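Each reported figure results from applying straightforward, stated rules to the coordinates on display, with no laboratory input. For clarity, every value in this text was computed on a predicted model and none was experimentally measured. Don't worry about glycine lacking a Cβ; one is built from the backbone with ideal geometry, like all the others, and counts go over all protein chains shown.
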Amino acid sequence: MLGSMVAVGLSYLLGSVSFAVLVSRLMGLADPRSYGSGNPGATNVLRSGSRTAAILTLLGDGAKGWLAVFLVKTFAARYGFGEGTIALSALAVFAGHLFPVFHRFAGGKGVATAAGVLIALDPWLGLATLLTWLLIAYFFRYSSLAALVSAVFAPLWQMFLHGVGPIALAVIVMSVLLVWRHRSNIANLMAGKESRIGSKARPRA
């Protein structure tokens with residue numbers, strides 16, 4: 001029990017590291033929370049004009065989601081972690097990105113971190129969800145729309161591959177949280193005001 005609590009707690013702390021803020025500071029760029037959508041994520045960092053920063057942010061946020069779940073799965077046998085602990089750790093690292101303790105609980109929307117989590121849970125699950133995102137993003141050029149469609153399909157892919165269980169429930173909760181975090185994007189999409197991928201940054205009022 002204690003080991004599971006430690007694993008979940010460390011996963012949350014790892015998720016709380018914002019690579020959008022960290023990379024921007026290291027590269028001398030403006031804080032991503034001060035322009036565009038104000039979201040500390042790769043899509044908004046791209047609006048700074050630095051593709052390198054956006055790519056590093058994407059990789060960092062994805063890697064932390066992958067690493068947390070990978071480590072828990074790797075040490076599951078040694079410390080007696082069951083599927084429930086793996087599911088909770090997956091949720092914890094995702095929640096850390098959304099509500100980071102290091103940034104006053106104001107984090108990103110979790111797309112890249114969710115992708116990393118799904119890949120660690122099952123590469124086929126991650127690949128199916130990633131392809132869903134890429135197809136929607138390519139044809140419609142809206143990162144938010146691609147994320148929303150992927151959030152709907154991720155639990156379906158998980159249940160198709162492995163049936164219903166603790167991990168499927170964790171993926172469902174992640175998807176609900178991701179859709180909730182995109183509520184302003186949903187409103188903008190419906191109003192025709194959503195920014196497309198690659199659009200230039202605008203300072204926040």
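Compute the long axis of helix 2-15 from its Cα atoms, compare it with the longest principal axis of the Cα atoms of the chain, and write down the angle in degrees, 0 to 90, nearest 10.
Compared with the principal axis, the helix lies near 10 degrees.
In the chain, which longest range has no chymotrypsin sites (Phe, Trp or Tyr not before Pro) that are both DSSP loop (not H, G, I, E or B) and surrounded by at most 16 other Cβ atoms within 10 Å?
Numbers: sites that count: PHE75, PHE105.
The segment 106-205 is the longest one with no such site.
Treating only the Cβ atoms of Lys and Arg (+1) and Asp and Glu (-1) as charged, compute the dipole magnitude of the chain about its Cα centre; round to the nearest 20 debye.
Dipole of the chain, to the nearest 20 debye: 760 debye.
Determine, from the Cβ-Cβ distance of ASP122 and ILE197 and an R0 of 25 Å, the FRET efficiency 1/(1 + (r/R0)^6), rounded to the nearest 0.05. Display every interim value, and only then the final one.
On the way: r = 27 Å, r/R0 = 1.08.
The pair ASP122/ILE197 has a calculated efficiency of 0.40.
Work out from phi, with θ = phi - 60° and the Karplus expression 6.51 cos²θ - 1.76 cosθ + 1.60, the ³J(HN,Hα) of each residue of the range 53-58, listed in order in whole Hz, and give x for Gly and Pro.
In residue order, the calculated couplings are 4, 5, 5, 5, 5, 4 Hz.
Pop a pseudo-label 7 angstrom from the Cα along the beta-carbon direction at both GLU83 and LEU161 and give the gap in nm to one decimal.
Simple spin-label model gives 1.4 nm for this pair.
Could you list which residues have their amide H under 5 Å from that of TYR35, counting only those 5 or more apart in sequence or on another chain, with H placed in the peptide plane?
So TYR35 has HN proximity to ARG204.
Run lengths n ≥ 4 of DSSP H only: what is the helix-derived mean residue ellipticity at 222 nm for the chain, with -39500 (n - 2.57) per run over all residues, to the nearest 500?
Per the formula, -22500 deg cm²/dmol.
Could you line up ARG196, ARG141 from fewest to most neighbouring Cβ atoms inside 10 Å?
The order, fewest Cβ neighbours first, is ARG196, ARG141.
Points 7 angstrom from Cα along the Cβ direction at LEU26 and ALA76: gap in nanometres?
3.1
Considering the values (1) 28, 20, 13; (2) 32, 21, 15; (3) 32, 18, 16, which represents semi-axes √(5λ) of the Cα gyration tensor in Å as calculated for the structure under consideration?
Only one option fits the structure, namely (1).
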